[in-house]
């Protein structure tokens with residue numbers, strides 16, 4: 001498979017060399033006073049038209065970017081408000097917030113123990 005990629009790159013390289021020779025030949029046939037301007041124009045057109053895409057460098061991401069404890073705080077506040085307006089939903093939200101907060105605290109201790 002790697003050989004196929006290199007073969008494709010070699011073919012593209014040969015084609016680019018041929019095009020560069022053709023362009024140089026065309027510029028060389030122009031009047032002497034215009035050659036430098038034509039060469040500069042060809043370089044600028046090439047720079048403007050070719051899009052260089054740098055390969056993405058994999059970055060090290062943290063194993064756990066957010067802690068469930070952080071989501072538990074607003075959830076418990078909403079749970080207390082809903083407890084007054086609609087008690088079953090309020091109880092469910094408070095219970096979910098409590099579980100998330102316990103999970104968040106446990107995650108902190110377990111991660112520190114693993115490190």
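The values are calculated or read from the model by the stated rules, or taken from the named source; none is laboratory data. Computed from a prediction, not measured in an experiment: that's the story for all the values here. We place every Cβ from the backbone using ideal geometry, glycine too, and count neighbours over all the protein chains shown.
Points worth noting:
- Just one of the listed residues (60, 56, 107, 65) is surrounded by 12 or more Cβ atoms within 10 Å (Cβ to Cβ), modelled with pLDDT under 95 and over 30 Å from residue 23 (Cβ atoms), namely 107.
- Count of the stretch 20-35 residues which are exposed (fewer than 11 other Cβ atoms within 10 Å of the Cβ) and either in contact with a helix residue (DSSP H, G or I) (Cβ under 8 Å, 6 or more places away or on another chain) or not in a loop (DSSP other than H, G, I, E, B) (or both): 3
- Residue check, residue 102 touching a residue at least 12 places away in the same chain (Cβ under 8 Å) and under 38 Å from the mean Cα position of the chain (by Cα): no
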